[in-house]
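Novice: I'd like to ask you about the structure that follows.
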């Protein structure tokens, strides 16, 4: 069983749809993250949760809404997205949110296409 | 100047070759440095941390040059399976900053 699992692997949605991305980590980590990776751009940190509490929101549009019901699960709720939101969305976890020295373990990502 | 800069490549090298990538950074206060590997359409995975004294893991050697603000990754005896994108990662205050990556293609 992989450490961090994400579903779905691929998602195509219209701009009026509502969908959710799911992430589950089996590593006993306390911190979870959502990253966005667009073509030819570096990974962008979207949200950080530590012990189920959101500790960072990097000015992400409100059409992205995270939810962390417990330390093992993380969701990203999507609604009224724009075509420029098409990207690879990666979930990651680390033992603690101890700053930049924490090593990240990534899920396989959700490739999102917004039509 | 970008926080992290990498040559996007691709670097096309034959099997058995030695190849090196550099990554420059702008924040002189950065303390932690890493190389991640990302295969096509897959997630990044930690390859190795980069220490001030440099470190080696098999065919891979990573070095840090604080004076010139760059880190490097050297791959010896390249294998076909080394084909991937290599991401330079470092800290900025309390979060990680990723480079856009350098693509390596090893051919037979």
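Every read-out reported here was derived from the displayed coordinates using simple, explicitly stated rules and does not represent laboratory data. If you're wondering where the values come from, they're calculated on a predicted model, not measured in any experiment. Cβ coordinates were reconstructed from backbone atoms using ideal geometry, including for glycine residues, and neighbour counts include every protein chain displayed.
Novice: For residue A:62 paired with residue B:70, estimate the spin-label separation in nm (one decimal), with each label point 7 Å from Cα along the Cα-to-Cβ line.
Specialist: Result for the modelled spin labels: 4.6 nm.
Novice: I've got another one for you. What is the Å³ per residue value for the convex hull set by the Cα atoms of segment B:11-83? Before the final figure, lay out each step's value.
Specialist: Details: hull volume 7.5 nm³, N = 73.
Dividing the Cα hull volume of segment B:11-83 by its residue count gives 103 Å³.
Novice: Rounded to the nearest Å, what's the spacing between the alpha carbon centres of segment A:50-72 and segment A:1-48? Just the number, please.
Specialist: 12
Novice: I would also like to ask the following. Compute the length gained on full extension between residue B:59 and residue B:95: take 0.36 nm times their separation in residues and subtract their Cα-Cα distance, giving the result in nm to one decimal.
Specialist: Details: separation 36, 0.36 × 36 = 12.96 nm, distance 2.89 nm.
Length difference between fully extended and current span is 10.1 nm.
Novice: Averaged over its residues, how many other protein chain Cβ atoms are within 10 Å of peptide A:35-45's Cβ atoms? Mind showing how you got there, number by number?
Specialist: On the way: counts 4, 0, 7, 0, 0, 3, 3, 12, 11, 2, 4.
Whole-number average of other-chain Cβ neighbours for A:35-45 is 4.
Novice: Now for a separate question. So what's the protein assembly as shown giving for Rg/Rh, alpha carbon basis, Kirkwood Rh from the mean inverse pair distance? Write out the running numbers ahead of the final one.
Specialist: Details: Rg = 17.7 Å, Rh = 18.2 Å.
Taking Rh as the inverse mean 1/r over Cα pairs, Rg/Rh reads 0.98.
Novice: Continuing with this model, one more query. If you take the alpha carbon radius of gyration of segment A:1-51 and divide it by 2.2 N^0.38 Å, what ratio comes out, to two decimals? Numbers along the way, then the final one.
Specialist: Working: Rg = 13.1 Å, N = 51, 2.2 N^0.38 = 9.8 Å.
Cα Rg divided by the expected 2.2 N^0.38 Å: 1.34.
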